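Data block below; observations after.
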Amino acid sequence: SIGFAVTGGFVSAGHCGTTGSTTSSPSGTFAGSSFPGNDYAFIRSSASITGTVNNYSGGSVAVRGSSDAAIGSSICRSGSTTGWRCGTIQARNSTVNYAEGSVTGLIRTTACAEPGDSGGSAISGNQAQGVTSGGSGNCSVGGTTYFQPVNEILNAYGLTLKTS
């Protein structure tokens, strides 16, 4: 799933593709990807991508910045498999041990997610928080989902978040 719009493209999860891989809808090329250790990627794209998040109810949520929301805050995530799902931020700086290796510095939440939601944007109010990395459970029984913080991605590649 697409993460947040940035100048020159968008960000997503690193496990979604390696540097040089391509995307469709919108079309782009992975200019950088890091996984495991981190789980982030920058996809260069000339598509017109706005500083909003699809709420899968026929609308979108404006992105106004990327200030870290406090533990206990509500967080909603957008993904192509299960749409718009919300939960609560439980912790920051969490580590997840995937089959490919550990990823550190993640945001742990009670929002559910399923395969295909990876890379999608997570937002608290109008502040970008991160992109979907992975987790446990599903949207039928609930679960725990981890997000790669967006500010770390912006800093890693020197990117500017698009706002609206």
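The values are calculated or read from the model by the stated rules, or taken from the named source; none is laboratory data. Since the structure is predicted, the reported quantities are computational estimates derived from the model, not experimental observations. Here the Cβ is made from the backbone with ideal geometry for all residues, glycine too, and neighbour counts use every protein chain on show. Accessible surface is based on the protein model in full, side chains and every heavy atom, while ligands, DNA and RNA are left aside. Shrake-Rupley method; radii C 1.70, N 1.55, O 1.52, S 1.80 Å.
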Just to be sure, is GLY105 touching a helix residue (DSSP H, G or I) at 6+ places or on another chain (Cβ under 7 Å), open to solvent by less than 70 Å² (accessible area, probe 1.4 Å) and either part of a strand (DSSP E or B) or in contact (Cβ under 8 Å) with a residue 24 or more places away in the chain (or both)?
yes
Open to solvent by less than 20 Å² (accessible area, probe 1.4 Å), part of a loop (DSSP other than H, G, I, E, B) and in contact (Cβ under 8 Å) with a residue 12 or more places away in the chain, is that true of GLY119?
yes
For residues in the stretch 129-164 being closer than 23 Å to GLY101 by Cα and β-branched (Val, Ile, Thr), which is most open to solvent (accessible area, probe 1.4 Å)?
THR144
Cβ-Cβ below 6 Å, separation at least six or inter-chain, first residue in the stretch 143-164 and over 23 Å from SER48 (Cα atoms), second charged (D, E, K, R) and open to solvent by 20 Å² or more (accessible area, probe 1.4 Å): which pairs?
TYR146/ARG108
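Which one is farthest from GLY125 (Cα to Cα) among residues in the stretch 64-102 that are free of Cβ contacts under 8 Å to residues at least 24 places away in the same chain and of a type in the set (A, V, I, L, M)?
Just the residues of the stretch 64-102 that are free of Cβ contacts under 8 Å to residues at least 24 places away in the same chain, to begin with: 70-72, 88, 91, 93, 95, 97, 99.
If we keep only those that are of a type in the set (A, V, I, L, M) too, we end up with 70-71, 91, 99.
Details: ALA70: 12, ILE71: 14, ALA91: 17, ALA99: 33 Å.
That would be ALA99.
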For the stretch 36-53, indicate whether the set of residues that are free of Cβ contacts under 8 Å to residues at least 40 places away in the same chain, in contact with a helix residue (DSSP H, G or I) (Cβ under 6 Å, 6 or more places away or on another chain) and of a type in the set (Gly, Ala, Ser) is non-empty.
no
